[in-house]
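Only one structure is covered here, and it is reproduced in the block below.
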Amino acid sequence: MVVRTIPVEDFDLVIFGATGDLAHRKILPGLYRRYLAGQMPPDARIIGAARSELTDDGFRDETRKAIEEFAPKVDKSQLDAFLGQLSYVAIDAKGTGGWEQLKERMRDGVVRAFYFSVAPSLFGDLAQRLSEYGIADDSSRIVVEKPFGRDLESARALNATLAQHFAEKQIYRIDHYLGKETVQNLMAVRFANILFEPLWNAQFVDHVQITVSETVGVGGRGSYYDNSGAMRDMVQNHLMQLLCLTAMEPPYHFDPDAVRDEKLKVIRALEPVSETEIVRGQYQADGGDPGYIDDAENPASRTESYVALKVRISNWRWQGTPFYLRTGKKLRARTSEIVITFKEPPHSIFDESGQKANQLVIRLQPDEGMDLTVMIKEPGPGGMRLMQVPLDMSFADALGTEAADMPDAYERLIMDVIRGNQTLFMRGDEVEAAWAWADPIIKAWEEGKARPEPYDPGSSGPDEALRLMHRDNRRWREIRA
Ligand code: NAP
């Protein structure tokens, strides 16, 4: 199968924070891959900006090193030509130098996009100066990174600051989970097939599990993470977005606002979560390996590196079908998946049934794809015994060598910004609604005295999280790579 690449319009993309980790690991290698794929127009320009005093060539050298380090397998034969489209301006977001120079570099008649890959505390300064210096106009776009606030109040303040200079249709709040192929496929599977949608409700779905597990600890980000925790860092944004796409009603059209309206309705329908239905955890030290409190350099820390919770959606479709979410660090394997467990048939006609519920597993990583488990007859003579088999659709298998050329989430999302398509970006009211739901949970923890449950590195989380499921006569799907 051939992956079709449609070139985007000509653009000038300014990356604020172009010398930082995200730019080096994701944004610049991603843009190079789009260049190789023929999606980046030959005149398009990428302008790096940060405080470091670099020449254009200095920035190109840094970018070359970053691409060699973070995209080692990618063909480098066109790297020089790509680097020729790059330049650099030294700018302090809070200062006055460099802005006029940036303005002169920008061309008229092309898409102007500004990627804010800097600390969120600088978003307001950048937005203000872009409009003050007349660099951004009504058709320009800004891309803002997570975290988008740390609670409802700060998210509202940030939305209000950006709104002083940019209209909502110009603001692209990035959640890279939404750029994953499988996440979009979830919408295709649900809304382009007749098979699933009639079963996609409380009458036929027993429960849904959403898991995002990581094997790494908080490492060098310890002090940042200690002010955040899994609920803020993962649940309020990434897991919430996955929940919305799984639970939402069919939008009337695959149109940015139609999709985002439906997601917002899901968030608004979330019931408050009771304290007995949340488990927080912290990974322990293991042999020579530091525990969470060592990584965070805070022995008294009560910040969670793991959270599991049971979520109820109060609407007709999902009444009585819980969604269980969990995410954590230093777990057994790195995986992200959504598991829809259907109800068992109402009556078994087989004596020795071995009946198991059908499951649809939507894998975001590793090996993006989907599995549907079905019951079949165990092959061979000797009676009717049932066995469960997966109908497996791995994108790597389906697409063959083309799978390697599929854009990763950041690449796809940046190209969507240039195309002016906001479908896979969070709208301001969605972000605020998600904080309004998460805030009371976080506040109750912060006001309480309880410590997170300890768990062993390499495990699947605290035992209490297993009990959260067992109490409901259910079990988590095993975390495996
Ligand atoms: P980083 O490595 O600390 O880079 C920060 C960048 O901002 C550098 O290029 C820095 O360059 C520039 N900068 C700092 N102060 C500035 C100022 N006053 N004016 C202009 N530029 C300034 O951070 P990062 O990890 O790349 O993260 C960037 C953003 O992405 C953050 O909002 C982060 O939360 C978000 N994010 C990052 C990741 C990731 O994997 N890294 C993942 C998700 C979200 P100079 O020092 O030269 O100015």
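The values are calculated or read from the model by the stated rules, or taken from the named source; none is laboratory data. None of the values given here were measured: they were computed from a predicted structure. Here the Cβ is made from the backbone with ideal geometry for all residues, glycine too, and neighbour counts use every protein chain on show. Each accessible area value is taken on the protein alone, full model and side chains, heavy atoms only, with ligands, DNA and RNA left out. Shrake-Rupley method; radii C 1.70, N 1.55, O 1.52, S 1.80 Å.
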- In the range 31-55, which residues are within 12 Å of the ligand (Cβ to nearest atom) and buried (at least 21 other Cβ atoms within 10 Å of the Cβ)? GLY48, ALA49, ALA50
- Which of the residues belonging to the range 190-210 are within 18 Å of THR373 (Cα to Cα) and open to solvent by less than 20 Å² (accessible area, probe 1.4 Å)? ARG190, TRP200, VAL205, HIS207, VAL208, GLN209, ILE210
- Query: Within the range 257-290, can you find the residues that are modelled with pLDDT under 95 and either touching a His at 6+ places or on another chain (Cβ under 6 Å) or among the polar types (S, T, N, Q) (or both)?
  - Reply: SER274, THR276
- Message: Looking only at the range 263-275, how many residues end up being surrounded by fewer than 22 Cβ atoms within 10 Å (Cβ to Cβ) and touching a Leu at 6+ places or on another chain (Cβ under 9 Å)?
- Response: 1
- Applying the selection to the range 125-166, what residues are more than 21 Å from the chain's Cα centre (by Cα), buried (at least 17 other Cβ atoms within 10 Å of the Cβ) and more than 12 Å from the ligand (Cβ to nearest atom)? ALA127, LEU130, ILE135, ALA136, SER140, LEU162, HIS165, PHE166
- When residues of the range 352-363 are limited to those that are part of a loop (DSSP other than H, G, I, E, B) and touching a residue at least 24 places away in the same chain (Cβ under 8 Å), the one surrounded by the most Cβ atoms within 10 Å (Cβ to Cβ): ALA357
- Item | Lone qualifier among TYR35, TYR88 - being under 24 Å from the mean Cα position of the chain (by Cα) and aromatic (Phe, Trp, Tyr) | TYR35
- Enumeration of residues in the range 76-124 that are hydrophobic (A, V, I, L, M, F, W, C), assigned to a loop (DSSP other than H, G, I, E, B), open to solvent by less than 40 Å² (accessible area, probe 1.4 Å) and within 9 Å of the ligand (Cβ to nearest atom): ILE91, ALA93, VAL118
- Message: Yes or no: the range 6-18 includes at least one residue that is under 19 Å from VAL118 (Cα atoms), of a type in the set (Asp, Glu) and within 13 Å of the ligand (Cβ to nearest atom).
- Response: no
- Query: What do you reckon, is SER305 over 23 Å from GLN203 (Cβ atoms), surrounded by 22 or more Cβ atoms within 10 Å (Cβ to Cβ) and hydroxyl-bearing (Ser, Thr, Tyr)?
  - Reply: yes
- Note on the structure: Filtering the range 167-189 down to residues that are within 16 Å of the ligand (Cβ to nearest atom) and open to solvent by less than 20 Å² (accessible area, probe 1.4 Å) yields ILE171, TYR172, ARG173, ILE174, ASP175, TYR177, LEU178, GLY179
- Item | Matching option when the condition is away from the ligand (no atom under 14 Å from the Cβ) and open to solvent by 60 Å² or more (accessible area, probe 1.4 Å), among LYS26, LYS73 | LYS73
